[in-house]
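Each remark here refers to the structure printed beneath this line.
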Amino acid sequence: MNHPAHPRAVDRMVVGISGATGIAYGIRVLQALRTAGIETHLVMSRSARLTLAYESELTVAQVQELADFHYSPEDVGAPVASGSFRTRGMIVAPCSMKSLAQIAVGTCDTLLARAADVTLKERKRLVLMVRETPLTLTHLRNMTTVTENGGIVAPPVPAFYTRPAGLQDLIDQSVGRVLDLFDIDTGAFPRWGEAAPPADATTAGGRAAVPARQLDTSAIHV
């Protein structure tokens, strides 16, 4: 498959969406990264496309439009499958136990697993928003393996000390905490012990922070 040539030295992030429940997290990640001015490269697994039909009114094409570039899950020749394609790292939101297992053992027969494997081997940050409960010993061992390889397992655990007004607040808080791991401040959730960011606040990278509660929610239907 032919791919367009991308400009060099662009601030990029790879976003994987697997078939676990919680596809709203992946949608929100794409929205927040777009607002932050970061180029996104999306890989949706086949199972994610099925889950989308259950959990959202959006079509696959509409989710793909939230990313700057998107690839077929079978396209293992895509730019994100190469370590020479520079990115900040990769977020898998949500991450199923199947995808976790593939990443843990280095099975690279899908683009999502290959992109995650490349992220680890290049010593870039890989964050997995794993979704499952309860957890088997196999799940826990796979999480340990990914962690030992340098990945970060970050389940979307809701924080209630922020007194969320609804589901959207819980999603924003979980996504915001994951993006914190890349030094990207969405400004979309309250922080313990800190005042709300001013309207003209900027992120650590010099970009304008997303004003609290102001991210576009029109594309999320849960």
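Here are the numbers for this structure:
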quantity: Leu135 accessible area, assembled protein chains, probe 1.4 Å, Å²; calculated: 80
quantity: Among 148-155, 181-188, the order from most to least packed when residues are scored by Cβ within 10 Å on average; calculated: 181-188, 148-155
quantity: Amide H contacts of Val130 (H built 1.01 Å from N, under 5 Å, at least 5 apart or other chain); calculated: Cys95, Ala154
quantity: Rel. contact order, % - alpha carbon contacts under 8 angstrom, at least six apart, segment 126-167; calculated: 53
quantity: Full-extension gain in nm, Thr107 to Glu122, via 0.36 nm per residue minus C-alpha separation; calculated: 3.8 nm
quantity: Gyration tensor (alpha-carbon) shape descriptor, segment 29-160, a/c threshold 1.5; calculated: rounded
quantity: Gain on full stretching of the segment that runs from Leu135 to Ser84 - 0.36 nm per residue minus C-alpha separation; calculated: 14.8 nm
quantity: Cα-projected label distance for Lys98 with Glu74, points at 7 Å along beta-carbon direction, nm; calculated: 1.5
quantity: Cα gyration tensor, segment 1-83 - rounded (a/c under 1.5), prolate or oblate; calculated: oblate
quantity: Calculated log₁₀ intensity ratio I(q)/I(0) where the Debye formula runs over C-alpha points of segment 140-191, q = 0.21, 0.25 Å⁻¹; calculated: -0.77, -0.91
quantity: Segment 49-197: relative contact order as a whole-number percent, Cα under 8 Å and 6+ apart; calculated: 17
quantity: Relative contact order (%) - criterion: Cα under 8 Å, at least six apart; region: segment 42-130; calculated: 32
quantity: Surface accessible to a 1.4 Å probe, per residue, for the residues of segment 1-139, Å²; calculated: 43
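The values are calculated or read from the model by the stated rules, or taken from the named source; none is laboratory data. Note that the structure is a prediction, hence the values are computed from the model and not measured. Quick reminder, even Gly has a Cβ in these numbers, built from the backbone with ideal geometry, and neighbours come from all protein chains shown. Protein only, heavy atoms only, side chains kept; ligands, DNA and RNA dropped before computing areas. Shrake-Rupley method; radii C 1.70, N 1.55, O 1.52, S 1.80 Å.
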